[in-house]
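Peer 1: The structure is given below, and queries will be raised subsequently.
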Amino acid sequence: MVGFNTEVQSKTAIEISKTFYDVIIAPSFSEDAFKILSKKKNIRLLSSNFLQQNYEYRTINGGLLYQEKDNQSPRIEDWDFVTNSKPDKNSFDELLFAWNTTKFIKSNAIVITEGKSILGIGSGQPNRINSVNLALSRAGKLLTNNSILASDAFFPFPDSIDIAAENNIKTILQPGGSLKDSEVIERANHHNITMVLTNRRHFSH
């Protein structure tokens, strides 16, 4: 399956047709793109307007739970740059990408990115340090000095910062709000890590 958030045009359709896909979903398909893709056997073309939902649902035995969906749009002006080292303004788009990614990952969520690519994800772990280790191991040799580590909720202890530093992470985003925020920030300064507090958490369950 492959999905798009814009209309599929003929050039894209030609590239898609070189690979086997069962399903292609997009807001729409141009007439030429539709003709190209329709020639492939057993392919399903789905159009969706991707309307934003305000609630999400979970089934339970004998009932249904619903909660407001995490539709927040981050604003850099709401962030706090709390360490001695500050991010370059040219990196703000990359920081936004890293932070936006965390809301789609199950907590405890750690995402490691570079540019606008995901290098590693740690999710669904019983504690944050396990997620940090998992994300770092998945990023592996792709890690560089420019890699960003983003956490969907605060770090309860500074131990995760030590592990990030051991793996050459130089920038960390997190919401803040821990009783030990001052220790976490102090540890980031010790390792010359840039730390940004977003002041809003995601924390998806």
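Bear in mind these aren't lab numbers, they're just calculated from the coordinates by the rules spelled out. Small disclaimer: the values here were computed from a predicted structure and weren't measured. Please note: Cβ atoms are built from the backbone with ideal geometry, for glycine as well, and neighbour counts cover all protein chains shown.
Peer 1: Is the shape of the stretch 76-197 rounded, prolate or oblate, going by the alpha carbon gyration tensor and its root eigenvalues a ≥ b ≥ c, with a/c under 1.5 for rounded and a/b larger than b/c for prolate?
Peer 2: Working: a/c = 1.25, a/b = 1.07, b/c = 1.18.
Rounded is the answer for the stretch 76-197, as its axis ratio a/c remains below 1.5.
Peer 1: Below 8 Å between Cα atoms, with a sequence gap of 6+, how large is the relative contact order for the chain in percent? Could the numbers behind the result be given before it?
Peer 2: Values: 395 pairs, mean separation 34.9, N = 205.
Relative CO of the chain lands at 17 percent.
Peer 1: Moving on. With springs only between Cα atoms under 10 Å, which of 68, 15, 183 fluctuates most in a Gaussian network model of the chain?
Peer 2: With Cα springs under 10 Å in the chain, the top fluctuation among 68, 15, 183 is at 15.
Peer 1: Out of these labelled values of Cα Rg over 2.2 N^0.38 Å, (1) 0.97; (2) 1.21; (3) 1.05, which was calculated from the coordinates shown here?
Peer 2: Comparing each candidate, only (2) matches the computed number.
Peer 1: Net charge around residue 82, counting only other residues with Cβ within less than 11 Å of its Cβ (Lys, Arg = +1; Asp, Glu = -1)? Could the numbers behind the result be given before it?
Peer 2: Details: positive: 86; negative: 80, 181, 186.
Taking every Cβ under 11 Å from that of residue 82, the sum is -2.
Peer 1: What does the charge dipole of the stretch 1-112 about its Cα centre add up to, to the nearest 20 debye, if the Cβ of each Lys and Arg holds +1 and the Cβ of each Asp and Glu holds -1? Walk me through the numbers before you get to the answer.
Peer 2: Details: 14 positive and 14 negative charges, 129 e Å.
Value, rounded to 20: 620 debye.
Peer 1: I'd like to know how the stretch 2-47 sits against the 2.2 N^0.38 Å rule of thumb: what's its Cα Rg over that expected value? Could you put the intermediate results ahead of the total?
Peer 2: Working: Rg = 9.0 Å, N = 46, 2.2 N^0.38 = 9.4 Å.
For the stretch 2-47, the normalised Cα radius of gyration is 0.96.
Peer 1: What does the highest-first list of 95-103, 147-155, 23-31 look like by mean Cβ count within 10 Å? Display every interim value, and only then the final one.
Peer 2: Numbers: 95-103: 21.3, 147-155: 25.1, 23-31: 15.7.
Packing proxy ranking, top to bottom: 147-155, 95-103, 23-31.
Peer 1: For the stretch 2-47, give the magnitude of the charge dipole about the Cα centre (Cβ charges: +1 Lys/Arg, -1 Asp/Glu; no others), in debye to the nearest 20.
Peer 2: Magnitude of the dipole: close to 240 debye.
Peer 1: On to the next question. In debye to the nearest 20, how big a dipole does the chain give about its Cα centre with +1 on each Lys and Arg Cβ and -1 on each Asp and Glu Cβ?
Peer 2: Details: 23 positive and 22 negative charges, 164 e Å.
Dipole magnitude for the chain comes out near 780 debye.
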